[in-house]
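To keep things clear, I will list the structure first and then write my remarks on it.
The values are calculated or read from the model by the stated rules, or taken from the named source; none is laboratory data. Source: prediction; values computed, not measured. Don't worry about glycine lacking a Cβ; one is built from the backbone with ideal geometry, like all the others, and counts go over all protein chains shown. When the accessible area is computed, the model is the full protein with side chains, heavy atoms only, and any ligands, DNA or RNA have been set aside. Shrake-Rupley method; radii C 1.70, N 1.55, O 1.52, S 1.80 Å.
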Amino acid sequence: MTGNVQGKKVETPREATQAENSPDTFIILTVSLIALFIIGLGIFYYFGLLPGTMPPTPVQQ
């Protein structure tokens with residue numbers, strides 16, 4: 001448990017390392033990297049940077 005001692009948080013060494021050893025951090029990292037990869041592919045596709053793709057043609061009105 002963290003305590004408040006003159007505005008500073010105090011943690012025990014066990015509490016400080018609990019978040020580092022959490023298996024959820026690996027899952028969050030993996031999902032985030034996959035999402036960034038998909039977003040990057042979408043941007044490359046949109047601007048025509050992938051092989052076999054062309055950038056969208058502007059619409060003239």
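In this structure T57 has an accessible area near 110 Å², from a 1.4 Å probe over the protein heavy atoms.
Computed from phi, the 3J(HN,Hα) profile of segment 48-54 under the Karplus parametrisation 6.51, -1.76, 1.60 (θ = phi - 60°) reads x, 8, 7, x, x, 10, 10 Hz, with x in place of Gly and Pro. If R0 is 30 Å, the Cβ-Cβ spacing of T30 and Q61 corresponds to a FRET efficiency of close to 0.10.
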